[in-house]
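Beneath this line is the structure, given in structure tokens, with notes to follow.
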Amino acid sequence: MNPDVVSARRCSDESVTAGMDASHRSACAAQRSLLSFIAEADRRELWRNDGARDMCHWLWMRYGISDWKARRWIDSARALERLPHISSAFAEGALGIDKVVELTRFAAPETERRLLPWAQYASSGAIRRRAELEARRSLEEAEAAERLRSVSWWHEDDGRRFCLAASLPAAQGALVAKALDRLAERIPVMPDEDGAGGLDQRRADALVLLATSRVSSDSDPDRATIVVHAQLETLVSGQGGCEIEGGGVIHPETAKRLLCAARLQAVIEDHSGQLVRLGRIRRDPPPWMLRQLRHRDSGCRFPGCGSRRYAHAHHVEWWEKGGATDLENLVLVCGFHHRLVHEYGWRLRREPDGEVRWFRPDGRRYRAGPSPPPERRDPELALSFSA
């Protein structure tokens with residue numbers, strides 16, 4: 001038995017209470033230190049190139065916490081850097097982490113001194129309710145513009161770009177914007193899609209996802225089938241482009257990714273345009289197999305991920321290279337990690353015992369979780385970050 005447990009059982013009631021209080025203070029100090037490191041890791045973007053789509057994704061894969069908790073920790077870590085009084089109260093154990101993550105949602109440098117005495121005696125539920133009230137935004141009245149509503153589209157750049165414009169009454173526009181933004185929040189950021197344009201890119205992906213979910217349920221196969229024309233040498237070399245019937249050009253690797261998740265018919269041609277091979281129209285896997293796959297894998301099989309949203313069935317041995325569509329050759333991966341495999345050089349292997357091993361583009365195996373503890377104390381870990 002743990003010696004600390006044995007000694008605690010021999011203590012007086014007062015000593016037990018004092019021990020609890022001391023442990024609570026130590027835990028708060030450690031949690032404040034953790035949030036300092038989280039803020040610094042976020043600043044340095046250490047999650048990049050580590051199989052994560054953002055800082056939140058990295059935290060919940062690394063430490064096994066919920067997405068909600070990871071987001072609150074990150075927000076609180078950022079806020080505490082400009083709230084020195086709340087930061088000190090947290091480090092000293094006067095405020096616990098549940099109160100801190102709610103208080104930092106609305107506290108400001110000019111109000112934190114006034115809020116501290118109240119927060120020390122208020123319940124965490126009361127602090128959370130105030131945070132929710134402070135976060136609300138007043139709604140503007142929507143103007144009646146029913147007759148001006150419209151949606152139009154056209155092609156540019158010789159059919160390579162599809163342009164869409166919409167004009168809606170404010171209330172309806174808010175609904176559309178909310179749907180796109182809510183969906184865009186859950187769409188992963190690819191390694192080369194960060195920066196100012198990232199949100200607009202994810203909104204575009206959200207719009208395509210909404211349309212895809214509607215068309216994919218259509219019983220008419222012609223409306224839900226992507227037809228891709230490709231020259232044989234293009235598929236062999238991976239150079240050049242594949243033409244989508246009706247307009248548009250995609251990279252061969254994109255076509256391979258579509259084979260995993262879309263109803264696709266590949267039309268293989270030679271230089272003269274003569275048909276070499278006509279692929280079958282298919283959806284992988286069939287519904288019954290997808291149900292079994294989701295039951296077996298539960299979520300994305302990237303270590304520590306487990307995302308269930310937008311998960312795809314991926315062929316370990318790729319379908320176009322002869323891989324079978326059976327459970328032994330399929331793994332469930334989320335959209336972000338699916339693209340890492342097809343377009344960013346990551347690889348995976350499913351072992352006979354069901355373990356799925358992932359490898360970085362340079363061949364190194366990826367493992368989730370915290371780094372193993374160092375043999376000696378690293379003096380850098382003793383760094384303290386100013387609040």
field: Tabulated pairs, segment 105-122, first farther than 17 Å from Gly93 by Cα, second surrounded by 11 or more Cβ atoms within 10 Å (Cβ to Cβ) and among the aliphatic types (A, V, I, L, M), C-beta under 7 angstrom, 6+ apart or interchain
entry: Arg105/Ala131; Phe106/Ala131; Ala107/Leu83; Ala107/Ile86; Ala107/Leu115; Pro109/Leu83
In segment 1-45, residue modelled with the highest pLDDT [restricted to those that are within 25 Å of the chain's Cα centre (by Cα) and among the acidic types (Asp, Glu)]: Glu40
message: Which of the numbered conditions does Arg105 fail, given that it passes all the others? Conditions: (1) in a loop (DSSP other than H, G, I, E, B); (2) surrounded by fewer than 16 Cβ atoms within 10 Å (Cβ to Cβ).
response: (2)
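Is there a residue in segment 48-64 that is assigned to a helix (DSSP H, G or I), open to solvent by 40 Å² or more (accessible area, probe 1.4 Å), closer than 19 Å to Val101 by Cα and touching a helix residue (DSSP H, G or I) at 6+ places or on another chain (Cβ under 9 Å)? Quick ask: steps written out before the conclusion?
Start the filter on segment 48-64 by keeping residues that are assigned to a helix (DSSP H, G or I), which leaves 55-63.
Now drop any that are not open to solvent by 40 Å² or more (accessible area, probe 1.4 Å), which leaves 62-63.
Within this subset, residues satisfying the condition of being closer than 19 Å to Val101 by Cα are 63.
If we keep only those that are touching a helix residue (DSSP H, G or I) at 6+ places or on another chain (Cβ under 9 Å) as well, we get 63.
For segment 48-64, residues assigned to a helix (DSSP H, G or I), open to solvent by 40 Å² or more (accessible area, probe 1.4 Å), closer than 19 Å to Val101 by Cα and touching a helix residue (DSSP H, G or I) at 6+ places or on another chain (Cβ under 9 Å): present.
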query: Which condition breaks for Ser384 when tested against (1) surrounded by 11 or more Cβ atoms within 10 Å (Cβ to Cβ); (2) at pLDDT below 75; (3) over 27 Å from Arg53 (Cβ atoms)?
result: (1)
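Within the group Glu351, Glu328, which residue is of a type in the set (Asp, Glu) and open to solvent by 60 Å² or more (accessible area, probe 1.4 Å)? Talk me through it step by step, then tell me what you get.
On the way: Glu351 fails: open to solvent by 60 Å² or more (accessible area, probe 1.4 Å).
Just a single option satisfies the conditions, and that option is Glu328.
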Subset of segment 80-102 (residues that are part of a loop (DSSP other than H, G, I, E, B) and open to solvent by less than 10 Å² (accessible area, probe 1.4 Å)): Leu83, Leu95
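The values are calculated or read from the model by the stated rules, or taken from the named source; none is laboratory data. Keep in mind that what you see is a predicted model, and the values were worked out from it rather than measured. Cβ: placed from backbone, ideal geometry, glycine included. Neighbour counts: every protein chain shown. Ligands, DNA and RNA are stripped out before the accessible areas are found, and what is left, the full protein with its side chains, is counted by its heavy atoms. Shrake-Rupley method; radii C 1.70, N 1.55, O 1.52, S 1.80 Å.
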